[in-house]
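Chemist: Here it is: the structure, laid out below.
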Amino acid sequence: MNRGVILNNRGFAITGIVYTLLLLFLALIMGMLLVLGARKTVLDSYRNQIREDLDRPPSHENYVQENLILWYDAIINYDQINQGLVMENTLIDLSYNNNDGELMNFDFLSNVWQEDRLVFAGDDEYVLTDLDANSFSSDSDFTLEIYFQLHGVSADGNPEANTSTLLGAYDGQGYGISWATYGSDDTKYDLFAGMRDNANSSFNDGYEISDFTERIHLTMVYSNTYNEIKLYINGRLKETINALSGDVTATLGDLGIGLNQVFDSNFSGLYSEMDLHSVKVYDRGLSAGEVMRNYLVDNGRYGKRVEEVVVPEASLPDNEHITYINNPTEPDYPANATPCLINTLEFTHILDKRDDTTYAVTKIGDQCWFAENLAYTTATCLAEAWDPYDETTNPYPSACDTHGPNEGSFQGSYHDGLSTGMVLYQWGAAMDGNDGLSGDPVQGLCPAGWYIPTDDEWTDLERAVCNHAGNSNCETVFPYGG
């Protein structure tokens, strides 16, 4: 009996140990499930907050405010008219500089003001601001910006051009951003920016638009400092041209919107049939990042908003530094590009929050690549000299410098990484001081989550392009390590 009891007790003891271990294991599993559940709850809450933020239109307070000297906003103006705070023939200047606009020849019985727009019928309507156009011209930096939608254009058969000044002032001389048609073709129009002085004129070549359902964000940045005019359409730099050598000496009067003024006596002056959403004027040149910022805010408040992708869990840490955007219909997204993919989420652009620059991206093979040149710099690489260089031919190049107007040359100093669309990097600058010897991916000057391609990744790119062209010997032509 005693022996049986002892065995029995031992049996119970062993069973108790196993049972205790089992309980501890179950407790551990329960704890892990609770932690994972809590983490999922936090991530779900985070994603829901992102979705709520995306559903909420951007505030007008998000526009660039520094040196803003004239600002019209149709949404705010409409609300103020309805509250009886503003007369319906007035565009109130929200920059607090008292540059209010006066609506000229509008028929206020025809629903001129709508919820988010001022409607120009295209007859003889225009807006005259209270901002003297001569207060800044060829001897100072400035920025003109307008967000609008043309509903139709006129073409009266003039073989030279039919044109309307969207925002600007001309009297033989002057400056502004305009649209133009040629001959009798009223199915499309060109957008351009420029200036005419007492000696000559500078205008870009014009960018054709044939979609009359599209809202357009148009920006002209004039730099007296660098003697250039930059035209941006929908936040993207389209062209940089040399500016004038003379001075605008004519008395231009006040800056206008929708004027039938022309910069060439051979042109026919027309009025614009359009919806006006917002106008901003700065007495300085905006950077590329600032232009893109204003476009994104305008597009969010008035236009077809870009869809900002909710970043998956694996990339949440980078969300502080990058906004992922999915907008394949964006006019400047390459026609043959393919959106990149994170898990099941597609995106066509990233916004680098370090300097508010947006880059198009594309999937090539199984990889995601930038579809345009990186244009980010740091104070460190700007301070370092390009080595080696000849001071007689390359006056002030740095280790990361803006590509000059002539192939193979430098501009005098870096002033806007996107002014010519390219920044040249020395290898050490691109690597941001990393020697790359560890074999790990090197971020260098790339945005968070992105890195400088390895040699094998370049080979993967070459093979993908080669295979896409229908070749059968791509692995032989592009070997790894070759």
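Computed from the coordinates by the stated procedures, all read-outs in this text should not be read as laboratory data. None of these values were measured; they are calculated from a predicted model. No Cβ is skipped: glycine too gets one built from the backbone with ideal geometry, and neighbour counts run over all protein chains shown.
Chemist: Could the peptides 111-117, 436-442, 352-358 be put in order, highest first, of the mean number of other beta-carbon atoms found within 10 Å of their residues?
Modeler: Going from most to least packed, we get 352-358, 111-117, 436-442.
Chemist: Quick one: which of 98-110, 281-293, 119-131 comes out on top by average Cβ neighbours within 10 Å, and what's the full order, highest first?
Modeler: Ranked by mean Cβ neighbours within 10 Å, highest first: 281-293, 119-131, 98-110.
Chemist: Can you check what the net charge comes to around Leu109, using other residues whose Cβ is under 15 Å from the Cβ of Leu109 (Lys, Arg +1; Asp, Glu -1)?
Modeler: So the surrounding residues net to -4.
Chemist: Pull out the extension gain between Asp79 and Leu109, defined as 0.36 nm times the separation in residues minus the alpha carbon to alpha carbon distance; nm, one decimal.
Modeler: So the extension gain works out to 9.0 nm.
Chemist: Hey, another quick one. Where does each of 469-476, 207-214, 366-373 land if you order them by average Cβ count within 10 Å, highest first?
Modeler: Those peptides, ordered most packed to least, come out 366-373, 207-214, 469-476.
Chemist: Here is a further query. For Asp254, which sequence-distant residues (separation of 5 or more, or a different chain) have an amide H within less than 5 Å of its own amide H, given hydrogens modelled in the peptide plane?
Modeler: Amide H to amide H, under 5 Å and 5 or more residues apart or across chains, Asp254 pairs with Ala133.
Chemist: If r is the Cβ-Cβ distance from Leu341 to Ser184 and R0 is 60 Å, what FRET efficiency results, to the nearest 0.05?
Modeler: E(calc), rounded to 0.05, equals 0.80.
Chemist: Moving to a separate point now. Any chance you could run the full-extension gain for Gln65 through His468? It's 0.36 nm times the residue separation minus the Cα-Cα distance, nm to one decimal.
Modeler: 140.4 nm
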